[in-house]
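To start, the structure under review is shown below, and the notes come after it.
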Amino acid sequence: MPIDFDVQDHIAKIRINRPEALNAMSPDMYKALSESWVEVRDNPDIWVAVVTGAPQPNRPPERQIFTAGADLKAMGSNQLEPWQFWQTQRDQILNRGLEVWKPVVAAVNGLCLAGGMTLLLATDIRIASEHTMFDLSEVKRGILPGNGGTQRTIRQLPYPIAMEVLLLGRRLSAERALHFGLINEVVPHDTVMDVAMERAAELTTMAPLAQRAIKELSVRAQYISLQDGLRLEESMQMRLRQTEDGQEGPKAFAEKRPAQWKGR
């Protein structure tokens, strides 16, 4: 399968699995990836997701690729009709605007190119190999980095650095990406998935509904006024207190025991 999907212990693992094509995404793969993200969103047993790319067996660590983004050759034969411009909810994926409020961990185990970079920008916790380079060089091919490339880069990097990446198509090393806060950790190549799964397991020990509220509030805070954000925060706090988990947290604290979260 071009997209591997597995759920265990409240963690969904999504793997882009097309190593023979450097994990480039064909139209069919985008459909499968869309289905995976919808399952993450809708399955109550999933609390956290981890996304990674399949390794390429014959390439050294410094030439591994997380994903090369869209398969431009395949996309070239799959042009949209003009009327399809208004089909804005077609094959929704994380970086194309699908709202998934559960935490998403990126295990970046190779070069993070084009659509791989825009996918990264839509995740929450980011673990990268020491050999990773980050690249949005669509400008060199006469196109722009869609799926949030122009929108999220400018919000997550300082303006001059974002313009360096977007207008010059220059790559960021893992060290520079860490310096500018684009990623959380740089780790030895062979440990990327292990560290990502450790962070995912840690996330599952926290209150899942509170995490979703916090993530949604934090994302929306980038686009709304402080006054509106404070009001939304108050509303979500009231909603959380009415849930089973919202009542379990204070009770467990008072009884000096670990909370037993149910996600409801």
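The values are calculated or read from the model by the stated rules, or taken from the named source; none is laboratory data. Nothing here was measured: the structure is a model prediction, and the numbers come from that model. Every residue, glycine as well, gets a Cβ built from its backbone with ideal geometry; the counts of neighbours run over all protein chains shown.
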| Any idea which residue in the stretch 177-189 is surrounded by the most Cβ atoms within 10 Å (Cβ to Cβ), counting only those that are touching a residue at least 12 places away in the same chain (Cβ under 8 Å) and farther than 14 Å from residue 121 by Cβ? | 187
| task | Could you please find all residues in the stretch 190-237 being among the small types (Gly, Ala, Ser) and either within 18 Å of the chain's Cα centre (by Cα) or surrounded by 15 or more Cβ atoms within 10 Å (Cβ to Cβ) (or both)? | result | 196, 200, 201, 207, 210, 213, 218, 221, 229
| request: Please state which one of 100, 105 is under 27 Å from residue 204 (Cβ atoms), among the hydrophobic types (A, V, I, L, M, F, W, C) and touching a Ser or Thr at 6+ places or on another chain (Cβ under 9 Å). | output: 105
| Taking the stretch 69-78 as the region of interest, how many residues are modelled with pLDDT of 65 or more, in a loop (DSSP other than H, G, I, E, B) and surrounded by fewer than 17 Cβ atoms within 10 Å (Cβ to Cβ)? | 0
| Long-range neighbours under 6 Å by Cβ, at least six apart or interchain, first residue under 22 Å from residue 195 (Cβ atoms) and in the same structural domain as residue 111 (by TED's automatic domain parsing) within the stretch 39-57, second aliphatic (A, V, I, L, M) and part of a loop (DSSP other than H, G, I, E, B) | 40/46; 40/100
| task | Would you be able to say whether some residue in the stretch 80-96 is surrounded by 14 or more Cβ atoms within 10 Å (Cβ to Cβ) and at pLDDT 80 or above? | result | yes
| query | For the stretch 29-68, which residues satisfy the criterion of being among the polar types (S, T, N, Q) and in a strand (DSSP E or B)? | reply | 52, 67
| Do any residues in the stretch 3-19 that are part of a loop (DSSP other than H, G, I, E, B) have Cβ atoms under 7 Å from those of residues that are among the β-branched types (Val, Ile, Thr), where the two are at least six apart or on different chains, and which pairs are they? | 9/204; 10/46; 10/48; 10/204; 17/3
| said: Among (1) over 15 Å from the mean Cα position of the chain (by Cα); (2) within 15 Å of residue 92 (Cα to Cα); (3) modelled with pLDDT of 95 or more, there is one condition residue 40 misses while meeting the rest; what is its number? | reply: (1)
| note | The correct count of residues that are farther than 18 Å from residue 99 by Cα and not hydrophobic (A, V, I, L, M, F, W, C) in the stretch 117-148 is 12
